[in-house]
Amino acid sequence: MSNSAPAAVATELLKPRLDARLGIPSPDTLDLLAERDMRRYRLQRRLIGPIYHANNVKRYEAAVDAVLLKVVDQLRALGGAEVDLKEWMHIITVECLGAVSLSWSPGYLAEQSDGASGMLAYMGWRRKSVFGLFPLAVIAEPLSRHFGRAFSVLWGVTYRVPKSKPFFPVGRLTLYPSLPYQRDVRGYHISPPPFC
């Protein structure tokens, strides 16, 4: 494996596990930050990269506007009730990214909750940031679950994983790049990305 920055980040984000041949298998995920297979990482980056170029961002303005109109409607329906600003900013961000990059919604807006996934991401980032300050701890953690747990307790970066639905529900998300547009059950309607 190369010593590139993405590989180092991936090692910290996804605990390595040794297989019977003392190799570290790389699971096939859609998580770019946790991807250790550099060939697959580069392919994923090439596939999603064009979406974020300035000329394509304008192309998805309608999808973002549609999400933001739904957000305004949801917030007005709350009748001035107090909301958790961090959670709602996470809901809006994930809904917009889902609409633009996948033509799909995880349903956070309809449920008025992100299922604690924002807090989980923050706590995971916080824990990884602390571990990242101590390279020996990063090396020792995969070798001993007890060490990782004790180190987390010592630094106050423990947390419980909430019972929430996965962001990509298996079997429910289907993209059809050959169609001239994509529509999902929540009403988003945009053109497919230019790489399809």
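Read-outs: derived from the displayed coordinates by stated rules, not from any lab. Since we're looking at a predicted model, the values are computed, not measured. Methodologically, a virtual Cβ is constructed for each residue, glycine included, from the backbone with ideal geometry; neighbour enumeration extends over all protein chains shown.
Observations, loosely collected:
- Furthest towards positive pole of dipole, Val138, Tyr122, Val161, structure part segment 119-164, Cβ charges: Val161
- Under the Karplus curve 6.51 cos²θ - 1.76 cosθ + 1.60, θ = phi - 60°, whole-Hz ³J(HN,Hα) for segment 85-94, x wherever Gly or Pro sits: 4, 4, 5, 5, 5, 5, 4, 4, 4, 5
- Restraint check, Lys58/Lys128; Lys86/Lys128; Lys70/Lys128, Cα-Cα greater than 28 Å: Lys58/Lys128; Lys70/Lys128
- Summing +1 for each Lys or Arg and -1 for each Asp or Glu among the other residues whose beta-carbon sits under 9 angstrom from that of Thr158 gives +3.
- Arg59 versus Lys128: modelled label distance in nm, points set 7 Å from Cα along the beta carbon direction: 2.9
- Fewest-first ordering of Val83, Val100 by other beta carbons within 10 Å of each residue's beta carbon gives Val83, Val100.
- Here r is the Cβ-Cβ distance between Thr93 and Arg46 and R0 is 22 Å; the resulting FRET efficiency, rounded to 0.05, is 0.40.
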